[in-house]
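Right, one structure below, let's go through it.
What follows is calculated from the coordinates using simple rules that are stated; it is not laboratory data. Quick caveat: nothing in here was measured; it's all calculated off a predicted structure. Neighbour counts are summed over all protein chains in view; Cβ atoms, including those assigned to glycine, are modelled from backbone coordinates with ideal geometry.
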Ligand code: SF4
Ligand code: SF4
């Protein structure tokens, strides 16, 4: 009967009016995001060795990366994710043995234009020569150079003060 249905509906409305509200005024307010939420990807370029393990692990072929050989190492020049095909399954993150690829808690990845959807994590030029050679063209590793510089500093200071470091203790 029409009257009974109306009363039942109003009863539910009345009951729900007094229950705790779980909705928020998004985007002014936001619900807290769980710590392990699968949101926008972030890539630590310093850790990434351009090995392609993540790209090979992806069942949807979302990840496209480009690399160039610089000296003896591979240099990552481009890392683009066609995020519209991503299931956020996390297989790529699990596959990375350098801990370079992560999920963030940012879920807001909407774009106005289709062309802006791919997530460009890296796009850069490869250097002409390896980092070590750029550091001094001596073939020494930067850490070794820093150590040598540290050792040379006291001797240089003594020389400037008029002492001969080789004759010390004579
Ligand atoms: S989360 Fe899954 S679907 Fe998305 S890029 Fe990684 S492996 Fe591919
Ligand atoms: S993110 Fe990890 S798995 Fe992917 S290319 Fe870089 S180091 Fe390799």
A correct Kirkwood calculation over the Cα atoms of segment 30-147 returns a hydrodynamic radius in Å of 16.1 Å
Solution diffusion estimate, µm²/s, Stokes-Einstein, segment 88-130, Kirkwood Rh from C-alpha pairs, 10 °C, viscosity 1.306 mPa s: 117 µm²/s
At what distance in nm do the modelled label points of residue 42 and residue 123 sit from each other, each positioned 7 Å from its Cα along Cα→Cβ? 2.2 nm
Spacing of the two label points (7 Å from each Cα toward its C-beta) at residue 56 and residue 7, in nm: 7.1 nm
Using the Cα atoms of segment 53-102 to build a convex hull, what is its mean projected area in square nanometres? 3.6 nm²
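Going by average Cβ neighbours within 10 Å, how do the peptides 102-111, 115-124, 56-65 rank, with the highest at the top?
Values: 102-111: 11.9, 115-124: 13.5, 56-65: 15.7.
By packing density, highest mean first, the sequence is 56-65, 115-124, 102-111.
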